[in-house]
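Engineer: First, the structure itself, so that you have it in front of you.
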Amino acid sequence: MSSEPAEDHQRTMAFAEIALGQIKVLGHPATPRNYEVWYSYATGYHPSLNQTINEMLSRNGTLTDADLELVYTTYISATRIGDKIDGVSARIADELKQVMAMLDAAAGSANTRTESLTAVSDKLGNAKDGEALRTIVESLVETASDMKQNNHALEARLNASKGEIDQLQENLQVVRTESLTDPLTGLANRRHFDERIERAAAEAAERSEPLSLMMIDVDHFKSFNDSWGHLTGDQVLRLVATLLKQNAKGQDIVARYGGEEFAVILPNTVLRAARTLADHTRREVMSKDLVKRSTGQNLGRVTISLGVAMSRPDDTVQSLIARADACLYAAKRSGRNRVICETDPEFAASAESKVA
Ligand code: GH3
Ligand code: MG
Ligand code: MG
């Protein structure tokens, strides 16, 4: 018995060593996320995680940051949120079971009381003298106070239960919000984006309103990370997120689409207005002097490229995204730090060169 914790400890240390070894060999940043991915890999607890990683390794010899992010969100954070939801749901079910049992018990004792009241009223009919009547009334008073006490207890228990269930529902809401939010930037995550664009497209069709989509990618971000470090890169992603958010209006949805890519859904917005917004955001990003907080060192500037498309009657959500993405690709090809719309000649040219 006493050797078990020691064995556990040894195993944990062995997994940790493998995880850190992988991080070192592949030259990944030693972030908690990467450690968790490689630790899970070492344990082999998620066979599909291992399979995915092995496929990525055999294809490219390493995992890119986007690969790591994908593995993490698919196999680790998603499972964790699922576990949390299961936990809260189980507690709600448990609470409800207890309330039902209590109501059953209360109904049972009410039946017993009805029976005893019927017996009392029978006795009442036969009561011959004051003494007999007094006994009957006393027993009635007793029953009534009994009922009152029981009701009080029941009420208190139901109130406590209501409080508990309210709290659990709040927890559930927090978990739900968490499951839709990108932890780094606080923006809608990819899952939330997928949900919202479907809804926005359906609403636009229903109301015959325009719908535009903007896709954004940070330029030369890999070399920024390489020069200044991943954590400083993260700060830049936060900055871009903040600027996108500041420029968005009430019903617009700003999302982190993937690694250093963002998307903005623009309901009731025509292409020209979407382009103006995109260009304004682009200028804002390039105008910021980046300064490393810890050292005060000037890191220069970053730029973003943007692609903008507007929904057509025959579009699916996928074809709209593909067009905005192709515009973004055209913006990259024509020099970066620019906005390309689907009506621009650069977009047509890039579409042609892709087909060719
Ligand atoms: P391009 O101008 O063509 O977009 O070049 P790029 O270097 O930005 O594009 P590439 O796709 O080659 O590299 C994307 C980089 O974004 C690599 C990856 O490490 C980085 N990245 C992705 N997600 C994150 C993140 O969450 N944090 C940080 N710091 N970097 C990230
Ligand atoms: Mg990219
Ligand atoms: Mg990029």
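Engineer: Mind checking which residues of segment 245-261 are within 28 Å of SER208 (Cβ to Cβ) and in contact (Cβ under 8 Å) with a residue 40 or more places away in the chain?
Structural biologist: Correct list: ILE253, VAL254, ALA255, TYR257.
Engineer: Identify all residues within segment 168-200 that are surrounded by 14 or more Cβ atoms within 10 Å (Cβ to Cβ), assigned to a helix (DSSP H, G or I) and not charged (D, E, K, R); write none if there are none.
Structural biologist: Within segment 168-200, LEU168, ASN171, LEU172, VAL175, SER179, LEU180, HIS192, PHE193, ILE197, ALA200 qualify.
Engineer: Any chance segment 211-218 includes a residue that's in contact (Cβ under 8 Å) with a residue 12 or more places away in the chain and either hydroxyl-bearing (Ser, Thr, Tyr) or not assigned by TED's automatic domain parsing to the domain that holds THR343 (or both)?
Structural biologist: Yes: one or more hits.
Engineer: Restricting to segment 238-287, name every residue that is closer than 24 Å to SER179 by Cβ, within 16 Å of ligand 3 (Cβ to nearest atom), among the aliphatic types (A, V, I, L, M) and surrounded by fewer than 21 Cβ atoms within 10 Å (Cβ to Cβ).
Structural biologist: Result: ALA241, single match.
Engineer: Further question: Does SER40 satisfy the condition of being free of Cβ contacts under 8 Å to residues at least 60 places away in the same chain, more than 16 Å from ligand 2 (Cβ to nearest atom), loosely packed, with under 14 Cβ neighbours inside 10 Å and farther than 17 Å from ASN225 by Cβ?
Structural biologist: no
Engineer: Restricting attention to segment 230-265, report how many residues are more than 8 Å from ligand 1 (Cβ to nearest atom) and among the small types (Gly, Ala, Ser).
Structural biologist: Residues in segment 230-265 being more than 8 Å from ligand 1 (Cβ to nearest atom) and among the small types (Gly, Ala, Ser): 5 in total.
Engineer: Okay, moving on. Checking the condition assigned to a helix (DSSP H, G or I), within 27 Å of ASN171 (Cβ to Cβ) and more than 16 Å from ligand 3 (Cβ to nearest atom), which residue from TYR41, TYR35, TYR72 passes?
Structural biologist: Of TYR41, TYR35, TYR72, the one residue that is assigned to a helix (DSSP H, G or I), within 27 Å of ASN171 (Cβ to Cβ) and more than 16 Å from ligand 3 (Cβ to nearest atom) is TYR72.
Engineer: Can you confirm whether segment 50-67 contains a residue that is touching a residue at least 60 places away in the same chain (Cβ under 8 Å), within 16 Å of ligand 3 (Cβ to nearest atom), under 39 Å from the mean Cα position of the chain (by Cα) and part of a helix (DSSP H, G or I)?
Structural biologist: yes
Engineer: Here's a follow-up. When the residues of segment 208-237 are narrowed to those that are surrounded by fewer than 19 Cβ atoms within 10 Å (Cβ to Cβ), more than 23 Å from LEU70 (Cα to Cα) and at pLDDT 95 or above, which ends up nearest to ligand 2 (Cβ to nearest atom)?
Structural biologist: Restricting to residues being surrounded by fewer than 19 Cβ atoms within 10 Å (Cβ to Cβ), more than 23 Å from LEU70 (Cα to Cα) and at pLDDT 95 or above, the top hit is PRO210.
Engineer: Give segment 175-223 a look and list any residue that's more than 21 Å from LYS245 (Cβ to Cβ) and within 16 Å of ligand 3 (Cβ to nearest atom), or say none.
Structural biologist: HIS220, LYS222, SER223, listed by residue number.
The values are calculated or read from the model by the stated rules, or taken from the named source; none is laboratory data. The model shown is predicted, which means the values in this text are computed figures rather than measured ones. Every residue, glycine among them, receives a Cβ derived from its backbone with ideal geometry; neighbour counts consider all protein chains shown.
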